[in-house]
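Here's the structure we're looking at; comments come further down.
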Amino acid sequence: MTSAPLLPNGHVAVLGTGAIGTAVARALLAALREVVVWNRTRHRTAAAVEAGST
């Protein structure tokens, strides 16, 4: 497995929080990463934020 690219503060960013992006964010959270999510439609980030993303 390759390591995910980190932001300067050590967080991982997931751009796009549809079905796949949300699943990726949850998997990264399970791997004890700090995850930042972004989607062009803010309400689509709700599931990932509820899982612990910012």
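Angle of helix 19-30 to the longest C-alpha principal axis of the chain, folded into 0 to 90 degrees and rounded to 10: 40°.
Rounded to the nearest whole Hz, the Karplus-based 3J(HN,Hα) values (6.51 cos²θ - 1.76 cosθ + 1.60, θ = phi - 60°) of the range 40-54 follow the sequence 5, 10, 3, 5, 6, 8, 4, 5, 5, 5, 4, 7, x, 6, 10, with x at glycine and proline.
Helix content alone sets the calculated 222 nm mean residue ellipticity of the chain: runs of n ≥ 4 DSSP H residues at -39500 (n - 2.57) each, divided across all residues, give -8500 deg cm²/dmol. For R42 and A27, the difference between the fully extended length at 0.36 nm per residue and the C-alpha to C-alpha distance is 3.3 nm.
The ellipsoid equivalent to the alpha-carbon distribution of the chain has semi-axes of 17, 11, 10 angstrom, derived from the gyration tensor eigenvalues as √(5λ) and listed largest first. Only protein atoms count toward the accessible area here, which uses a 1.4 Å probe; on the chain, the carbon and sulfur part of that area reaches 60 percent. Under 5 Å between amide hydrogens, built in the peptide plane, is the criterion, and for V12 it picks out L7, E34, V35, V36 among residues at least 5 positions away or on other chains.
Distant-in-sequence amide contacts of N39, defined by a placed amide H-H separation under 5 Å and a gap of 5 or more residues or a different chain, comprise G16.
The values are calculated or read from the model by the stated rules, or taken from the named source; none is laboratory data. Keep in mind that this is a model prediction, so the values were computed, not measured. These accessible areas exclude ligands, DNA and RNA; they are computed on the full protein's heavy atoms, side chains included. Shrake-Rupley method; radii C 1.70, N 1.55, O 1.52, S 1.80 Å.
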